[in-house]
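Beneath this line is the structure, given in structure tokens, with notes to follow.
The values are calculated or read from the model by the stated rules, or taken from the named source; none is laboratory data. Since this is a predicted model, take the numbers as computed values, not measurements. No Cβ is skipped: glycine too gets one built from the backbone with ideal geometry, and neighbour counts run over all protein chains shown. The protein model used for the area step is the full one, side chains on, heavy atoms only, and it has no ligands, DNA or RNA in it. Shrake-Rupley method; radii C 1.70, N 1.55, O 1.52, S 1.80 Å.
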Amino acid sequence: MIVWVIAGLLGMATGLRIGWALVNKQSVVSSAMIVALGSLALVAALNWPPLTLLIDTTVGWPNVSIGLSQVALIGCAAGSCVMITSVASTRSPVVVRRIAAVQYSVAAAIAVITLVAFFSRRRQPEMAPEVYLQRNLGSANTSLPWLLPLLYVLLAFTLVVWAGMRHSNRTRRGRALFVFSLGIALIVAASAFFLIRAVGTSSLVGVGTAATLLGAAMAIVAAGSLLPAVEDWFGGRRELRLIDPLLTELERRQPDVGIGERPRGPLVFRVAERLSLISDALYLEATVAQQARAARGDGTQVEVLADTDDPTVSPADQAAAIATWIHAGRKTQRVARPAGQGTFPGMGWLRQPESYSDREWILEIARQYRALERADAGAQR
């Protein structure tokens with residue numbers, strides 16, 4: 001049951017990466033993540049005894065699932081290595097693809113050698129994967145074919161851990177990379193345990209311990225792969241609630257900005273689309289207000305601000321000025337004020353501060369507007 005839970009999590013993570021690759025431009029990193037996660041899910045599934053027996057019976061070779069698990073683990077190491085080296089590389093996309101092709105070629109050659117070595121050994125009676133490992137690791141006659149794949153997996157995953165920890169940070173993707181690298185580090189430890197068994201020092205570690213560590217590692221890798229999607233979903237829902245009051249007001253005043261809007265789609269895209277609508281509506285409102293102020297010859301500004309279009313206040317106060325201007329022209333007592341109504345601070349106030357991205361700036365304005373809405377609602381109670 002635990003094996004299928006792990007395989008299901010890894011399969012879900014693989015499906016999310018495939019879906020992301022389908023709606024975005026395919027890249028070396030996306031393909032590598034699909035290979036890595038899909039291969040690791042295959043490792044988990046192949047070690048479920050009923051499926052192991054089914055595959056062995058279908059192929060007609062006892063314990064063939066063990067050989068396929070080795071190949072799948074090699075594929076996971078190759079995909080992870082390509083992913084992390086592509087992310088860390090500063091070379092051109094063409095060079096990155098060539099390096100990835102070389103890495104995949106090396107992994108494919110090792111996988112072929114591993115399969116040849118597996119099928120060249122004498123057949124053994126059908127047995128559970130853990131029993132097979134206990135009997136075949138630790139004996140010079142049977143463990144030598146394990147050395148090459150284990151050494152490759154150990155070296156490749158060590159590189160992944162080193163680069164992953166180096167590029168981890170406090171961003172959503174950085175946190176996910178840290179968790180992913182932590183899981184890979186446990187796979188390195190499990191691979192080292194199997195390698196110790198393969199060279200004959202079987203008394204130092206048991207196969208059951210290494211298998212348990214490998215299962216925990218796969219669960220952590222799955223969690224790290226799913227973490228961005230989970231955080232994006234919760235973050236997207238929170239951002240939709242945050243921008244909804246401002247977007248509703250601006251769509252009422254500038255209904256044309258919603259033409260061609262797609263109401264469905266991935267949550268991340270929906271949030272980005274609504275932020276774009278708010279940006280366009282703010283610009284249209286500012287244009288109307290600027291024209292109205294020029295026609296009146298009125299240079300009056302918000303009281304707490306200087307009479308200038310170049311703000312010298314903090315980003316929060318700058319966003320509050322924009323939110324106050326929009327809030328002043330909101331619909332009151334079922335009577336809509338004309339577009340551009342309210343005290344307009346100036347076009348320069350719409351430009352985001354240098355420390356803010358476009359997305360962060362719109363969210364800050366929405367946050368200030370939501371605070372005004374809550375304060376207004378509280379005053380009416």
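Structure summary
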read-out: Residue 109 being open to solvent by less than 60 Å² (accessible area, probe 1.4 Å), closer than 21 Å to residue 150 by Cβ and free of Cβ contacts under 8 Å to residues at least 12 places away in the same chain; value: yes
read-out: Contacts under 7 angstrom Cβ, first residue in segment 360-377 being open to solvent by 50 Å² or more (accessible area, probe 1.4 Å), partner assigned to a helix (DSSP H, G or I) and among the β-branched types (Val, Ile, Thr), 6 or more apart; value: 372/324
read-out: Residues located in segment 194-236, provided they are touching a Lys or Arg at 6+ places or on another chain (Cβ under 8 Å) and modelled with pLDDT of 80 or more; value: 225, 227, 228, 231, 232, 235, 236
read-out: Some residue of segment 204-213 being within 26 Å of the chain's Cα centre (by Cα) and over 30 Å from residue 133 (Cβ atoms); value: no
read-out: Scope segment 46-84; condition over 20 Å from residue 148 (Cβ atoms) and surrounded by 21 or more Cβ atoms within 10 Å (Cβ to Cβ); matching residues; value: 47, 52, 83, 84
read-out: Cβ pairs under 9 Å, 6+ apart, first in segment 74-98 and over 26 Å from residue 42 (Cβ atoms), second not in a helix (DSSP H, G or I); value: 93/27; 95/89
read-out: Residue check for residue 15: assigned to a helix (DSSP H, G or I), open to solvent by 20 Å² or more (accessible area, probe 1.4 Å) and under 22 Å from residue 183 (Cβ atoms); value: yes
read-out: Failed condition for residue 194, given (1) open to solvent by 70 Å² or more (accessible area, probe 1.4 Å); (2) among the aromatic types (Phe, Trp, Tyr); (3) touching a helix residue (DSSP H, G or I) at 6+ places or on another chain (Cβ under 8 Å); value: (1)
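Yes/no per residue for (1) assigned to a loop (DSSP other than H, G, I, E, B); (2) within 24 Å of residue 181 (Cβ to Cβ); (3) open to solvent by 50 Å² or more (accessible area, probe 1.4 Å):
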site	(1), (2), (3)
94	no, no, yes
103	no, yes, no
118	no, no, no
126	yes, no, yes
135	no, no, yes
147	no, no, no
157	no, yes, no
161	no, yes, no
164	no, yes, no
